[in-house]
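Take a look at the structure below.
The values are calculated or read from the model by the stated rules, or taken from the named source; none is laboratory data. Every value quoted in this text rests on a predicted model; they were computed, and no experiment measured them. Note that each Cβ is placed from the backbone with ideal geometry, even for glycine, and that neighbours are counted across all protein chains shown. These area figures cover heavy atoms from the full protein model, side chains too; ligands, DNA and RNA do not enter into them. Shrake-Rupley method; radii C 1.70, N 1.55, O 1.52, S 1.80 Å.
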Amino acid sequence: MTACPRPQKARYATQIAAETAAARVALGTGLPMRPYECSCTWWHLPKSPAEVIPEPGEASQSSIERLDSIPDIDFRNVVASDVRGAGDRDERAALRHPRNLKRWQRQLGELTHDIEKQLADRKADKTSTAGLWRTRALDYRDRIALRASECRRRRSEAHVELMKRGDARRRDAELAAARGATAKELRKEAGELAVHRLIAAHRDEFERYIVEEYQAFGLTIPDRFEKWTRQDGTAATGPTPPPDACTCARCSHNPTSTTTHREDAA
């Protein structure tokens, strides 16, 4: 077991115990705390309230793809900024996308190695300046550990989700094979059936739209759609009302009608 870098901190054996302690702190201060797993395998509470971590769903596709393709030195700068709680929020969200998790974990490992080496190199320095630097360095190492713990959790969640999707794909393939088709063919058939049901439920409206589109292209309107055309050849908005019926917007339920209301209408 690795020696605890902060032995003066309260320690908790499990995440649940640490979260319970964090909840007690939040009740007294009103500030949320996010426990982290230390390199010594115990759980601690941070010195500062929990920050609002961006979620991968907030990331734009362009940022996700950019982080996936930029050089390591640029990616490392994004990781280092995130450790400090700084940087562009869109990039920080993209950092947590499943496509970038493995690379993020590797860079966090390199940051940890670098800070550990610096601490070892300056271990013999007992000056006050070195003491102040060591305090900041230890705080930075704690922040890296916090990010590393988050990254491991997200990778685990992404793996579980990937397994679920794999199970769903296999199940779909088995159902399709039982019908003598592929999953893609079966999904296409389901979509076509849904379209047919939608048309059947709105047949009149669908055929009226067909007439309008035929006319827009200057095509000859099929006989079965003639009921949706007026004598002047333009598309009708629906069945023609009786001659003694009022066709104002309110009576005809047509908000585009400009006809004045008729009090004598039937």
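If you roll a 1.4 Å probe over region 1-86 with all protein chains in place, what percent of the accessible area is carbon or sulfur? Walk me through the numbers before you get to the answer.
On the way: 2820 of 5010 Å².
After summing per-atom areas, the C and S share lands at 56 percent.
Karplus couplings for region 107-122 from phi (6.51 cos²θ - 1.76 cosθ + 1.60, θ = phi - 60°), rounded to Hz, Gly and Pro as x?
5, 4, x, 5, 5, 4, 4, 5, 5, 5, 5, 5, 5, 5, 5, 9
With θ set to phi - 60°, apply the Karplus curve 6.51 cos²θ - 1.76 cosθ + 1.60 along region 84-89 and write out the HN-Hα couplings as whole Hz, x wherever there is a Gly or Pro.
Couplings: 7, x, 10, x, 5, 5 Hz.
If you rank His202, His113 by how much accessible surface each has, with a 1.4 Å probe, what is the order from largest down?
Details: His202 90, His113 120 Å².
Highest to lowest solvent-accessible surface, that is His113, His202.
Could you work out how much longer the chain between Lys9 and Glu161 gets when fully extended? Use 0.36 nm per residue separation minus the Cα distance between them, nm to one decimal.
On the way: separation 152, 0.36 × 152 = 54.72 nm, distance 3.52 nm.
Stretched out fully, the Lys9 to Glu161 stretch lengthens by 51.2 nm.
Given a cut-off of 16 Å, what percent of all Cα-Cα pairs of region 32-129 lie beyond it?
Details: 3066 of 4753 pairs.
Considering region 32-129, 65 percent of its Cα-Cα pairs are separated by more than 16 Å.
What does the accessible area per residue of region 106-165 come to in Å², with a 1.4 Å probe and no ligands, DNA or RNA counted?
Details: 3880 Å² over 60 residues.
On a per-residue basis, region 106-165 sits at 65 Å².
At a Förster distance of 45 Å, what's the computed FRET efficiency of Asp204 paired with Glu19, Cβ-Cβ distance as r, to 0.05?
Numbers: r = 59 Å, r/R0 = 1.31.
Plugging the Cβ-Cβ distance into 1/(1 + (r/R0)^6) gives 0.15.
Straight-line reach from Lys47: which aspartates and glutamates have a Cα under 18 Å away, not including same-chain ones fewer than 8 places off?
Filter leaves Glu19, Glu37, Asp82, Asp139, Asp142, Glu150.
Calculate the length of the line joining the C-alpha centroid of region 125-189 to that of region 101-122, in whole Å.
Region 125-189 and region 101-122 have Cα centres spaced 20 Å from each other.
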